[in-house]
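Accompanying notes for the structure given below.
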Amino acid sequence: MAPPPKGPPARKLLCMCSLSLCLTYACYSLMGGPGALPSSPLAPQGSPLSPSAVDTPPPRNGSPAWLRTPSPPSVSEATEPSRAWTETDPPSASSPSSAPDRDLGVGGDSSSSSASVAAAAGSEAAAAAATATPDYGEKRLPQALIIGVKKGGTRALLEALRAHPDVRAVGTEPHFFDRNYDKGLDWYRDVMPKTLEGQLTMEKTPSYFVTNEAPKRIHSMAKDTKLIVVVRNPVTRAISDYTQTLSKKPEIPTFEVLAFKNRTLGLIDASWSAIRIGIYALHLESWLQYFPLSQIHFVSGERLITDPAGEMAKVQDFLGLKRVVSEKYFYFNKTKGFPCLKKPEDSSAPRCLGKSKGRTHPKIDRDVILRLRKFYKPFNVMFYQMTGQDFQWEQEEGDK
Ligand SMILES: *[C@@H]1O[C@H](CO)[C@@H](O)[C@H](O)[C@H]1NC(C)=O
Ligand SMILES: *[C@@H]1O[C@H](CO)[C@@H](O)[C@H](O)[C@H]1NC(C)=O
């Protein structure tokens, strides 16, 4: 599949888009009745993203407050060991958020990468293993971060990147720019693995993308920090997010109950984190106040699975790395139905870029899914315009 054209969107396009966003909302309200939208702040200013829109009044206070304020710790945010890679995460990677500090730093050092595995994967990989496990060098603050999104495939991306000899990353999620900021930069640096000159230090914490303070904080650490966001169809992301929570807290209400403020009226509860996280355009806007678009790279969570090498090539280019992680680093497991990494950095079981097909997802009513698609559509379109990339989430849904 051909990668969609990428590049900074023309200003004109953005204006047109915000206009169309407003139009969409207007139609939406007419068709969906008074309850089509969660109160009205969005409708008239549907353009929290478009200070430059010609005909629309500028948003009163930027984005609607109900979307901007961090939601109170809710069921789905309370637990987030990242499980994007596979249902069986390495122990080091699944640090429970209840004890975010304890196993930090452990995951970064996988000195167990055995030579035999490396040899099997070729000399390049052997070199990778040799440089991936040094206990020398020095700890540095990260130059690149995977900032989101939860359930987007951030674990998969990080593990694939860790196969690169010039990347060293923390296996756990440090949560520095949201939960642990008080601990200071020295603490943060200490969490990082040691690197040699020329190696990139990285970490991933998917909640950064939806943390109001994160852009400013990261900018004040280093304004040239490279940012990576793995995004995925927000509807499937929301369901996946809910499924993960459900597996830990079977007593929570159904998806349908949590998704609506009033189901009869079709009123989506956009304050529920499982839904709020997927409003990518709004979150991105706050990042763009601190970072140029060229400093943010967007990975398609879908293409990371269908074309891992292609997606990895773009990520490595963005990070200024040699294209080392290529096709030969992956194999397709037919039973699983997903590509897997030949040589996981910690030499545990192969890491695959998706869950086993057998994993039970709760059955979500079809009309709820349709309603959610409708809800996300204008935000998705705006996101495509802002990023200059078409993630084809509508197209994908049309196929079903
Ligand atoms: C939902 O809206 C309908 C129609 O306005 C109303 O009758 C009903 O009480 C509302 N339900 C809830 C749970 O608020
Ligand atoms: C493929 O996946 C299946 C199911 O998870 C697993 O049992 C099998 O060992 C995997 N095969 C390889 C070669 O990774």
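Normalised by the residues of region 183-319, what does the relative contact order come to in percent, with Cα pairs under 8 Å and at least six apart?
Working: 95 pairs, mean separation 41.4, N = 137.
Computed value for region 183-319: 30 percent relative contact order.
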Cα-based Rg of region 162-210 per 2.2 N^0.38 Å, rounded to two decimals? 1.19
For region 268-395, just list the percent of Cα-Cα distances falling in each 10 Å bin from zero outward, please. 10, 30, 34, 24, 2
Solvent-accessible area of THR306, probe 1.4 Å, all protein chains present, reported in Å² to the nearest ten, please. 100
Based on the mean of other Cβ atoms within 10 Å per residue, sort peptides 173-182, 218-227, 142-151 so the most packed one is first. 142-151, 173-182, 218-227
Here region 238-342 gives, from Cα atoms, an Rg and Dmax in Å of 18.6, 54
Note: LEU196 to ASN333 extended length (0.36 nm per residue) minus current alpha-carbon separation gives 45.9 nm
If one computes P(r) from the Cα atoms of region 193-247, what percent of pairs lie at distances over 15 Å? 66
Sorted peptide list for 365-372, 268-275, criterion being average Cβ within 10 angstrom, highest first: 268-275, 365-372
Sorted by accessible surface (1.4 Å probe, heavy atoms of the protein chains only), largest first, GLU394, GLU203, GLU197 come out as GLU197, GLU394, GLU203
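The values are calculated or read from the model by the stated rules, or taken from the named source; none is laboratory data. The model shown is predicted, which means the values in this text are computed figures rather than measured ones. All Cβ positions, even for glycine, are placed from backbone atoms using ideal geometry, and neighbour counts span all protein chains on display. These area figures cover heavy atoms from the full protein model, side chains too; ligands, DNA and RNA do not enter into them. Shrake-Rupley method; radii C 1.70, N 1.55, O 1.52, S 1.80 Å.
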